[in-house]
Amino acid sequence: MAKESRSSSLKHTVAKGFLWGAMSNVVCQLLSLLFGVYLARILGPGDYGPIGMLAIFSAIAGSLQDSGFVAAIANRKSVTHDDYNAVFWFNVIISLFMYAVLYACAPLIAGFFNQPVLVELSRYNFLGFVVAGFGIAPSAYLFRELKVKQKSIAIVLSIIVSGIAGVAMALNGYSYWGIATQSIVYVLVRSAVCWYFTPWRPSLRVNFAPLKYLFAFSYRLLITNVFQRFNWNIFSFILGKYYGKTDVGNYTKAAEWFNMGGEVVNGMVNAVAQPVLAKVVDDSERQLRVFRTMLRFTAFVSFPLMFGLSLVAKEIIVVVLTDKWIESAAMLQILAVWGAFMPVQSMLTNLLVSRGRSRTFMWCTIVQGLLMLVILLAVKECGIRTMLVSYCVFNAAWLFVWYSFVRREIAITLAMFMRDILPYMLLAAAVMAATYMATLSIGNLCIMLLAKIGVAAVLYILVSFLLGSKELKEIVNFLFKRKKEEL
């Protein structure tokens, strides 16, 4: 009876975390879309280029700042005040140190891209690291305790306030300075709200001893996160070096829309996967069941969402952002296809982290990043689209490398793995193909956009219902139950 109660409790936690994460991510992405569209109509690709060139430095510094301590704390059986206190003061110190280094390196960054404006812009933009350093410890607390609702509120508020700040500055002619201000205000508000929801408070009696055993787990995650951020931002870095700032701006906007769609699912997965899987790490059979349930739900949502984004990329870019961003539409189409597989990869990597396989996670990510860099440099003369296709195909193929490591940890066969994701991938692809054919004769872009979204959504839900999808039933039951409780 106790075992059934624990299983039911965990199932409820997973469902609640997934669905809260999904709903909050939808709200967040809609808000980001609203402010992003307004900014894109005011600004042009050239205005986004300078910020895009700094993306890789911001990403790597952000990984160094986190140092993997958030995941390390989530993996511990019990956490004390000293653990959080050591992490807080370490991150404050490292954030100030990183800003000093980046401040000094600003002329070198500007010289590398041959963009003098990056000297002052980078020094201003990197102030966000200092602010973020104060928010990592409370964020770790909310993550470990599965406070998905509270983290969602923090993100929503930070998007609203920072979006207003960015738009106000853009309207007053500050262009990329407004984009930089938006990112700083976002971090400031998010950190402040996380502090509000966290009962823990730092003290001046600092004991850095906990960092020793936390760092034993986290240092591999630190290296891994650096390479992950490098992998995600390498494209804008190469474009900034070998192409122009307009190309970087177009790619930055395509990546922004790609991230908005992908974060709906990927953010949902990362919000709950590792702490939930860590809670059942001592029972391999149970962990396998939990993992497969989460994997199927991820595939059920990810493939139609991202394949659908690829389907409507041209219409949505031209209708919403105007045709000055048309070049980014083709980039978005390619990126969105890979984006369907990205949450599945996140599930695999979270399983490895939950089982303490940070070394495997680290080396696999490093090799992936280095091979991808070699491939991109080899095809850079073939054009941006060829580079993008190579980037996406390589990352999708690497999914099976991650699977090979997961199979060593839990008894998931290739047949099980494919059975959990392949039906949803094929169903989503078939639905998008049918939608494309059904709307092919529509001439008006606005009508075509609405028709594609409507037809694809109805077809996918209808076919899923007819096939008896358990994931669809879980979502309906959860929403119906919430409605009954509210009544």
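The values are calculated or read from the model by the stated rules, or taken from the named source; none is laboratory data. None of the values given here were measured: they were computed from a predicted structure. Cβ placement follows ideal geometry from the backbone for every residue including glycine, while neighbour counts extend to all protein chains displayed.
In this entry, residue 198 passes the filter for residues that are surrounded by fewer than 21 Cβ atoms within 10 Å (Cβ to Cβ) and within 24 Å of residue 156 (Cβ to Cβ).
Among the criteria (1) surrounded by fewer than 22 Cβ atoms within 10 Å (Cβ to Cβ); (2) modelled with pLDDT under 75; (3) over 16 Å from residue 255 (Cα atoms), the one residue 72 does not fulfil is (1).
Between 146, 171, 118, the distinction of being under 30 Å from residue 80 (Cβ atoms), assigned by TED's automatic domain parsing to the domain that holds residue 98 and of a type in the set (A, V, I, L, M) belongs to 146 only. Filtered by the rule that a residue be among the hydrophobic types (A, V, I, L, M, F, W, C), closer than 22 Å to residue 389 by Cβ and touching a Cys at 6+ places or on another chain (Cβ under 9 Å), segment 291-335 gives 334, 335.
So that you can scan it fast, the table gives a plain yes or no per residue for (1) assigned by TED's automatic domain parsing to the domain that holds residue 353; (2) touching a Lys or Arg at 6+ places or on another chain (Cβ under 8 Å); (3) closer than 18 Å to residue 41 by Cβ; (4) outside any helix (DSSP H, G or I):
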site: 290; (1), (2), (3), (4): yes, no, no, no
site: 297; (1), (2), (3), (4): yes, no, no, no
site: 305; (1), (2), (3), (4): yes, no, no, no
site: 324; (1), (2), (3), (4): yes, no, yes, no
site: 331; (1), (2), (3), (4): yes, yes, no, no
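Output the residues belonging to segment 129-143 that are touching a residue at least 40 places away in the same chain (Cβ under 8 Å) and assigned to a helix (DSSP H, G or I). Answer for segment 129-143, where residues must be touching a residue at least 40 places away in the same chain (Cβ under 8 Å) and assigned to a helix (DSSP H, G or I): 129, 131, 132, 133, 136, 137, 138, 139, 140, 141, 142, 143.
For residues that are under 25 Å from residue 425 (Cα atoms), among the aliphatic types (A, V, I, L, M), out of contact with any Phe, Trp or Tyr (no Cβ under 8 Å at 6 or more places or on another chain) and surrounded by 19 or more Cβ atoms within 10 Å (Cβ to Cβ), tally how many sit in segment 319-337. Total meeting the criteria: 2.
This table checks each residue for (1) of a type in the set (Ser, Thr, Tyr); (2) touching a Cys at 6+ places or on another chain (Cβ under 9 Å); (3) assigned to a helix (DSSP H, G or I).
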residue	(1), (2), (3)
360	yes, no, yes
367	no, no, yes
386	yes, no, yes
390	yes, yes, yes
396	no, no, yes
401	no, yes, yes
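Scanning segment 338-384 for residues that are buried (at least 20 other Cβ atoms within 10 Å of the Cβ) and of a type in the set (Val, Ile, Thr), we see that the one that is nearest to residue 215 (Cα to Cα) is 353. Taking segment 101-116 as the range and being of a type outside the set (Val, Ile, Thr), closer than 15 Å to residue 237 by Cα and in contact (Cβ under 8 Å) with a residue 24 or more places away in the chain as the test, the residues that pass are 112, 113, 115. The residues on offer are 157, 146, and the sole one that is in a loop (DSSP other than H, G, I, E, B) and either touching a His at 6+ places or on another chain (Cβ under 9 Å) or in contact (Cβ under 8 Å) with a residue 12 or more places away in the chain (or both) is 146. Per the listing 146, 102, the residue uniquely buried (at least 16 other Cβ atoms within 10 Å of the Cβ) and at positive phi is 146. Please indicate, with yes or no, whether at least one residue in segment 170-181 is aliphatic (A, V, I, L, M), modelled with pLDDT under 85 and surrounded by fewer than 20 Cβ atoms within 10 Å (Cβ to Cβ). Yes, there is a match, as at least one residue in segment 170-181 is aliphatic (A, V, I, L, M), modelled with pLDDT under 85 and surrounded by fewer than 20 Cβ atoms within 10 Å (Cβ to Cβ). Please specify each residue of segment 296-340 satisfying the condition of being in contact with a Leu (Cβ under 7 Å, 6 or more places away or on another chain) and either free of Cβ contacts under 8 Å to residues at least 12 places away in the same chain or of a type in the set (D, E, K, R) (or both). Listed by number, the list holds a single entry, 315.
What is the one condition in (1) at pLDDT below 75; (2) part of a helix (DSSP H, G or I) that residue 123 does not satisfy? Only one criterion is unmet by residue 123, namely (1).
A single entry from 259, 250, 270, 266 fulfils the requirement of being surrounded by fewer than 21 Cβ atoms within 10 Å (Cβ to Cβ), at pLDDT below 85 and closer than 20 Å to residue 392 by Cβ: 259. Selection within segment 431-456: residues that are of a type in the set (Gly, Ala, Ser) and free of Cβ contacts under 8 Å to residues at least 12 places away in the same chain. The member of this set that is nearest to residue 295 (Cα to Cα) is 433. Within segment 99-114, is there a residue that is closer than 21 Å to residue 204 by Cβ, touching a Pro at 6+ places or on another chain (Cβ under 7 Å) and assigned to a helix (DSSP H, G or I)? No - not one qualifying residue is present in segment 99-114. Only one of the listed residues (415, 411, 434) is part of a helix (DSSP H, G or I) and either touching a helix residue (DSSP H, G or I) at 6+ places or on another chain (Cβ under 9 Å) or β-branched (Val, Ile, Thr) (or both). That residue is 434.
When residue 455 is tested against (1) more than 29 Å from residue 349 (Cα to Cα); (2) assigned to a loop (DSSP other than H, G, I, E, B), only condition (2) is not met.
Restricting the first member to segment 86-98 and to residues that are closer than 19 Å to residue 213 by Cβ, and the second to residues that are modelled with pLDDT of 85 or more, the beta-carbon pairs closer than 6 Å and six or more apart or on different chains are 88/202.
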